[in-house]
Amino acid sequence: MSKPEKFFDENGLRLDGRRVDEIRPMKIEVGVLSRADGSCYLEWGNNKVLAGVFGPRELHPRRMQRPDTAIVRYRYNMAAFSVEDRIRPGPNRRSTEISKVSREAFEPVVLTHLYPSAVIDVFAEVLQADAGTRTAAINAAAIALADAGIPMKGLVSACAVGKVDGKLVLDLGKDEDNYGDADLPVAMTQDGDVTLIQMDGNFTQDEFKEAMELVKVGCKQILEIQREALKGKFSQSETEEIENEAVIEAPAPEVEKAENEKVVETEDDEMVEVETEDDETVEVETEDDETVEVETEDDETVEVETEDDETVEVETEDDETVEVETYDEEVVETEIIETEEDNENVGNVVMEDDENDKEPDENIDEDIGKGETNE
Ligand code: UDP
C-alpha cells in the first residue's frame, strides 16, 4: 500500500467519502460467546474485534490477590491473520503496551472494590485490523463488561483523532493512520473524563484543543451506539422474560372452587390443582393449562381422560395411593386425600417418567371392574 496522492477530494471529503468529523460505521453484537460471562463482537469500518469478559472469579495464584479489591486484567491480541502481513502470534511490545493502557482506561469506572480478592479478565481479540484497533477493542470491551454484569460507573468509549495534510480528522482510516501527521487515540467515560490518551506525531496547542473537542464528539456518538446495542440486548431479554412470565403466571381458568380443593405439588415442581366438583367428578388442572378430568365410576375406580385423548386409569390400591397409567406408560401416582364431605378420593398427583411393568391395556382391563374400596 502506498501513500495516496491526496487525502481529500474537491468537496473536502476523505478517501472513504467521510466528512472530517465523521466516524466509520459501527456495528455491535452483544453476548456472542456462550462460555464468557460477557462478550461483544464489534465491527468498525473494516476492523473486526471480539471481546470476552470472564469473572469476577477467584484469582490464582492466591498471592496475587488483593484483599480489598478485584484486579482487572486486559489482554489485547491481534490474530496473526488480522493484518496484511501476517504478524507473529503471541504478545509483543505493542500489544503489551496496548493491554496496559486499555486496562487503565477501565480503572476509573469498574467498581472493583465490590469483589475483593477476585479477578476480572478482559480479552480483546482483533480479527481484522484496519487502524484504530485499540479503540475498537476498548469499545467492545466496555460492552462485554456491561454484558457480564460488572458494576461500572458508566461505559467507556474510545475513538482516535488525527491530522492529515494539516487537517484534523476524526477516526483515522488505514491510510490516514499510516501516512498522516498525527494520531491521538482517546478513551473517555460517559461524563467526558479522559481515561486513555496517547499521541503519535505532533499537534500545535490549538490543534490539540480542537482535536480533543472533535474526539469528544466521536466518543459521544460511539456511546450512543453502545447504549443502543445494550438496550437492544437487554430490552429483548426483558421482553422474553415478560413473555415467559406471562406463560408461567397465566391464571388458570376460573372454576368454582369446592371446599375440598387441594393444591398439590408434584415431584417435578409442577403444580397440579385438584378439585372435587361433586361426589363423582374431579378436575385436575396442570399449570400448563392442561386439564384432566377424573370421573369416579364407583367408589373405587376412576377414569381419567387427558385433553389429548390419552386415557389413564386411576385405581385405589389402598387407602392412600392410587396409580394412574397413561397409554404411553407414563406413571402418575396420586395420594388420596380424604375430603371432609364424603371421603371422595381425589389426589396429590405425582407425575413420574418411570415405565410401568404392566401393559397399559392390561391395566385398564384389570383396573376397571376392580371392586376395591378405600374406605
Ligand atoms: N498494523 C499492522 N501490523 C502490526 C500493527 C499494526 O498491520 O503489527 C496496522 C493495523 O491495521 C493497525 C494499524 O496498523 O490497525 C495501526 O496500528 P496502531 O499501532 O496505530 O494501532 P491502532 O490504530 O490499531 O490502535
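No other residue among D68, D37, D21 is more than 16 Å from the ligand (Cβ to nearest atom), touching a Pro at 6+ places or on another chain (Cβ under 6 Å), touching a residue at least 40 places away in the same chain (Cβ under 8 Å) and not small (G, A, S) apart from D68.
Taken over the stretch 71-113, the criterion of being in contact (Cβ under 8 Å) with a residue 60 or more places away in the chain, of a type outside the set (A, V, I, L, M), within 12 Å of the ligand (Cβ to nearest atom) and out of contact with any Phe, Trp or Tyr (no Cβ under 6 Å at 6 or more places or on another chain) is satisfied by Y76, E84. With respect to the conditions (1) in the same structural domain as C159 (by TED's automatic domain parsing); (2) in a loop (DSSP other than H, G, I, E, B); (3) of a type outside the set (F, W, Y), E5 lacks only one, and its number is (1).
Checked against (1) surrounded by 22 or more Cβ atoms within 10 Å (Cβ to Cβ); (2) within 16 Å of the ligand (Cβ to nearest atom); (3) within 22 Å of the chain's Cα centre (by Cα); (4) part of a strand (DSSP E or B), I120 passes all but condition (2). Of the candidates G162, G154, the single residue that is away from the ligand (no atom under 16 Å from the Cβ), in the same structural domain as Y76 (by TED's automatic domain parsing) and not aliphatic (A, V, I, L, M) is G154. Identify the residue in the stretch 185-235 that is outside any helix (DSSP H, G or I) and over 18 Å from L155 (Cβ atoms) and, among all such residues, is farthest from the ligand (Cβ to nearest atom). Per the criteria, the residue is T204.
The values are calculated or read from the model by the stated rules, or taken from the named source; none is laboratory data. In this text, all values refer to a predicted model and were calculated from it rather than measured experimentally. Neighbour counts are summed over all protein chains in view; Cβ atoms, including those assigned to glycine, are modelled from backbone coordinates with ideal geometry.
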